[in-house]
Number of protein chains: 4
Amino acid sequence: MLMQAKISADEQDSGGPAAAPPRTFTEAARRAQIVDAAIEVIADEGYAKATYARIARRAGLSSTGMISYHFAGKADLMREVVAEVMRVADGYMRPRIEAQPTAAGRLRAHIESNLELLGAHPKHLPALLQVLAQARGDEPWQQEFAAEMGGLVDRVAEALARAQEAGEFGDFDPWVMAMAIRGAVDAVVSRVAGGAAIDVAACGRELADLFDRATRKA
Amino acid sequence: MLMQAKISADEQDSGGPAAAPPRTFTEAARRAQIVDAAIEVIADEGYAKATYARIARRAGLSSTGMISYHFAGKADLMREVVAEVMRVADGYMRPRIEAQPTAAGRLRAHIESNLELLGAHPKHLPALLQVLAQARGDEPWQQEFAAEMGGLVDRVAEALARAQEAGEFGDFDPWVMAMAIRGAVDAVVSRVAGGAAIDVAACGRELADLFDRATRKA
Amino acid sequence: MLMQAKISADEQDSGGPAAAPPRTFTEAARRAQIVDAAIEVIADEGYAKATYARIARRAGLSSTGMISYHFAGKADLMREVVAEVMRVADGYMRPRIEAQPTAAGRLRAHIESNLELLGAHPKHLPALLQVLAQARGDEPWQQEFAAEMGGLVDRVAEALARAQEAGEFGDFDPWVMAMAIRGAVDAVVSRVAGGAAIDVAACGRELADLFDRATRKA
Amino acid sequence: MLMQAKISADEQDSGGPAAAPPRTFTEAARRAQIVDAAIEVIADEGYAKATYARIARRAGLSSTGMISYHFAGKADLMREVVAEVMRVADGYMRPRIEAQPTAAGRLRAHIESNLELLGAHPKHLPALLQVLAQARGDEPWQQEFAAEMGGLVDRVAEALARAQEAGEFGDFDPWVMAMAIRGAVDAVVSRVAGGAAIDVAACGRELADLFDRATRKA
DNA sequence: CATGAATGAGAATTCATTCAT
DNA sequence: GATGAATGAATTCTCATTCAT
């Protein structure tokens with residue numbers, strides 16, 4: 001599989017410096033509600049404007065204190081935003097990718113499903129992009145996101161390398177290829193988020209063609 | 001030419017909402033000094049931390065008032081940051097691109113020189129990426145940056161389309177290809193900015209190979 | 001007797017603004033549990049950090065609501081903290097003091113047992129000091145604590161005066177002497193609370209010697 | 001000399017984590033104004049109520065931002081409060097102490113001038129007491145204050161020890177004696193701060209007598 | 001031209017307390 | 001009796017910007 005959620009895996013985990021696992025149903029519901037609102041605000045207005053006040057307003061909450069009550073801090077909330085997007089992305093893309101018998105098919109499915117996902121959940125990937133763009137600086141949560149971003153590319157690179165060794169692809173640096181794929185998709189996401197009217201499905205097919213040519217055996 | 005600065009062209013100015021034209025030499029020097037400091041801060045610490053205070057400190061200025069004095073506002077400063085990076089990028093890439101006789105050569109030169117530029121001016125492209133990532137939201141300067149980003153891609157797309165019509169390339173959507181190129185390069189920039197130890201020159205060659213395969217006639 | 005609890009005496013209550021009398025056994029146990037946790041938190045982290053949240057956590061309670069449920073407010077809880085410390089102090093010091101036949105002996109026993117108490121219950125006196133230090137300001141509970149502090153000194157002063165009139169001590173102002181005793185002991189408590197490694201018993205003997213010289217007939 | 005300001009000594013120093021030395025006259029004046037207001041608020045309402053809002057109001061400032069502008073944080077402000085009180089105390093007490101030829105005279109002068117100071121600047125010592133009472137907890141500024149408090153006692157203890165070795169005093173533990181003196185004076189300060197109507201000069205003389213008896217050769 | 005002081009809005013976060021269940 | 005969710009005021013602090021000098 002070319003893409004899988006790392007963060008979503010440790011939802012039940014306690015290791016991190018912050019988020020205690022949600023214990024009750026209402027708590028989980030509130031957290032989800034806030035995360036959803038955060039995703040919308042981030043996607044619509046950008047990370048910089050995604051303040052507690054705006055998120056609370058979008059979530060229909062009366063006070064920003066509610067967010068502090070349910071999340072250990074902004075880093076915790078952002079972690080959850082990333083986790084949620086990864087969860088959704090994984091749920092959407094993985095079955096489509098794994099349904100393909102060939103590496104070329106999986107690559108195509110990866111790219112196409114990634115952009116279909118953009119159509120199905122128009123706020124999720126733009127929000128992810130915004131949050132991961134904050135992965136600059138020394139604070140631990142930023143490092144965390146940088147690692148997350150790296151992992152995203154690395155997993156694709158490994159899948160490409162394996163297929164390459166199996167003789168299913170031509171000769172190329174799998175890691176550079178993986179970065180190019182990630183970047184190409186993100187560029188489309190970014191443009192769509194900026195309001196460009198793009199047929200994402202067609203765009204996905206075109207990108208898939210592109211990388212098919214780029215990875216094919218000579 | 002695949003990339004050229006739009007903003008840098010109208011330094012003397014388009015009558016935007018802000019920047020008065022710099023009249024004196026000192027004025028221009030001060031502005032340049034501040035812009036350079038801003039680029040460094042943005043690249044090193046991210047857009048979110050690029051406050052007047054931090055920029056002033058990096059520029060060796062004693063007060064943030066200086067920045068307000070020389071720039072009409074933060075949007076104005078950021079506009080100038082983008083313009084400066086574009087100016088440098090144009091100066092670096094354009095001659096290398098135009099030296100190539102074939103479209104394929106120009107494409108390769110575009111990609112490779114873009115990444116060489118990253119080696120030569122390690123802060124400029126990361127800063128640009130950070131600033132353009134703020135192009136979300138309704139405010140005019142955000143729209144402006146979104147347009148800037150779009151223009152970047154569009155100009156490459158047009159060059160590709162012309163070459164394609166001239167029969168120098170295979171069959172593909174030039175606009176999608178342009179976005180893929182931009183995204184792939186940006187992904188590398190982003191990774192390098194994050195501290196990854198990458199041989200950017202080798203990476204540039206690999207990317208150029210990749211897009212050569214993707215654009216070649218079948 | 002040189003020291004006795006005033007607050008602890010009227011547990012069943014003076015009709016203050018707050019505390020309803022504890023009716024059931026569970027209620028009393030819960031209150032005691034919370035008061036103990038409060039004493040520990042105050043002694044360890046200081047009054048400022050002794051929030052409901054921290055106290056609840058230390059008490060093993062799941063919510064701060066419990067504290068509000070059992071106490072009429074923070075003033076009520078602090079009143080109870082003071083009362084509890086006074087109760088313990090009285091129980092510890094009074095028999096040791098009353099066992100002494102002479103006024104000088106009682107003075108020595110007062111000082112020494114006070115510091116022994118610090119060894120036996122290392123959190124109680126530091127907590128008391130912290131709470132009584134809040135006795136500044138107009139609110140009724142602050143005035144209450146100021147009065148409490150005054151009473152502490154006054155009772156010692158009265159004992160000293162009586163002994164003085166009986167010819168057992170030299171010539172000095174009993175009230176100033178009482179304040180000096182209180183202050184000297186508190187200074188030791190404060191230093192120990194701050195983490196200083198002090199032999200409190202030896203310190204008690206030394207202080208007792210000091211005040212013996214100061215009160216002795218010429 | 002039995003008491004001297006340690007903090008006031010490094011006013012021109014840059015070592016600390018926070019306070020840059022005030023560079024301009026206006027800045028210094030503003031800082032002084034804010035420190036004075038802080039001292040008043042702390043003395044009158046207690047440390048807990050000494051918020052930026054209340055201090056700003058007392059200082060006649062329009063916003064709390066002003067305080068943040070002039071001080072690196074609350075710790076910095078409190079450091080300055082302590083330094084100011086120490087400066088005043090040192091200026092008041094030191095000449096009176098040093099004017100005395102004998103150790104007994106210096107001890108008396110120390111105690112009496114300390115309490116006269118309470119009459120002359122009724123808010124300073126109570127404020128100091130409140131701030132130093134916060135010296136509990138792990139944060140560096142709290143540790144700093146704890147050390148400051150310790151230093152206060154230690155310097156007196158050393159002076160006592162020297163005089164003792166010179167045969168000017170009787171036999172006692174100088175460190176315990178120093179703590180007793182400090183505590184006795186603080187107890188009076190505390191009572192006066194609480195609103196008690198006390199003749200501090202008389203009280204000073206009485207305390208001086210007390211410790212004269214306690215330190216005298218047998 | 002330049003500066004430092006001031007401003008006021010808004011940021012995240014914490015707190016004691018209330019309330020429905 | 002007990003709980004967890006909610007509340008809203010208050011806290012420290014930062015920000016871009018303005019203004020008098």
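With label points set 7 Å from Cα along Cα→Cβ, the inter-copy distances at residue A:29 are 3.4, 6.1, 6.7 nm, sorted shortest first. Short-range pairs are left out: with C-alpha atoms under 8 Å and at least six residues apart, the relative contact order of chain C is 25 percent.
Between chain B and chain A, the total buried accessible area stands at approximately 3200 Å², from heavy atoms with a 1.4 Å probe. Placing unit charges on the Cβ atoms only, positive for Lys and Arg and negative for Asp and Glu, gives the protein assembly as shown a dipole magnitude near 380 debye about its Cα centre.
Residue of chain C with the Cβ closest to the rotation axis carrying C onto A, and that distance rounded to whole Å: C:65, 4. For residue D:212, the label point sits 7 Å beyond Cα toward Cβ; its separations from the matching points on the remaining copies run 2.4, 10.2, 10.6 nm, from shortest to longest. Between residue C:27 and residue D:33, the FRET efficiency estimated from the beta carbon spacing at R0 = 60 angstrom works out to 0.70. Peptides C:131-144, B:156-169 ranked from most to least packed, by the mean per-residue count of other Cβ atoms within 10 Å: C:131-144, B:156-169. Computed over segment B:8-215, the percent of Cα pairs more than 29 Å apart is 29. Distances between copies at residue B:98, taken between label points 7 Å from Cα along the C-beta direction, are 5.5, 7.8, 10.5 nm in increasing order. Once the Cα atoms of helix D:74-98 and of chain D are each reduced to a long axis, what angle between those two axes, in degrees from 0 to 90 to the nearest 10, is obtained? Taking Cα atoms only, the helix is inclined about 30 degrees. Modelled this way, with points 7 Å down the Cα-to-C-beta line, the labels at residue A:72 and residue D:196 are 4.8 nm from one another. With the highest mean first, a sort of the peptides D:103-109, C:86-92 on other beta-carbon atoms found within 10 angstrom per residue produces D:103-109, C:86-92. Dipole magnitude for segment D:92-159: about 340 debye, using +1 per Lys or Arg Cβ and -1 per Asp or Glu Cβ, origin at the Cα centre.
Across segment A:169-199, the residues whose backbone nitrogen lies under 11 Å from the label position 7 Å along the beta-carbon direction of residue B:216 are A:171.
Sort B:32-39, D:67-74 by the packing proxy (mean of other Cβ within 10 Å over each peptide's residues), most packed first. Kindly include the intermediate steps, with their values, before the conclusion.
On the way: B:32-39: 21.1, D:67-74: 17.1.
Result, highest mean Cβ count within 10 Å first: B:32-39, D:67-74.
Accessible area per residue for chain D, computed on protein heavy atoms with a 1.4 Å probe, is 42 Å².
Taking every residue in D:198-210 and counting other chain Cβ atoms within 10 Å of its Cβ, the average works out to 3. Computed from Cα atoms, the angle from the helix B:25-45 axis to the main principal axis of chain B rounds to 70 degrees.
Seen against the Cα atoms of chain B and their longest principal axis, helix B:200-215 is set at about 50 degrees. Contact order, relative form, for segment B:105-173: 13 percent (alpha carbon pairs under 8 Å, 6 or more residues apart, mean separation divided by residue count). On the protein heavy atoms, probe 1.4 angstrom, tell me the percent of accessible surface of segment B:8-215 carried by carbon and sulfur. Carbon-and-sulfur percentage of accessible area, whole number: 51. Computed over chain B, the per-residue total of -39500 (n - 2.57) for DSSP H runs of n ≥ 4 gives a 222 nm mean residue ellipticity of -22500 deg cm²/dmol, rounded to 500.
Taking Cα centre as origin and charging only the Cβ of basic (Lys, Arg, +1) and acidic (Asp, Glu, -1) residues, the dipole magnitude of chain D rounds to 440 debye. Counting Cβ atoms of other protein chains within 10 Å of each residue's Cβ and taking the mean over peptide C:186-197 gives 5. On the beta carbon distance between residue C:57 and residue B:154, with R0 = 56 Å, the FRET formula returns roughly 0.45.
The values are calculated or read from the model by the stated rules, or taken from the named source; none is laboratory data. No experiment lies behind these values; they were computed from the predicted model shown. Positions of Cβ are generated from backbone atoms using ideal geometry, with glycine treated the same way; all protein chains shown enter the neighbour counts. Surface areas here come from the heavy atoms of the whole protein model, side chains and all, with no ligands, DNA or RNA. Shrake-Rupley method; radii C 1.70, N 1.55, O 1.52, S 1.80 Å.
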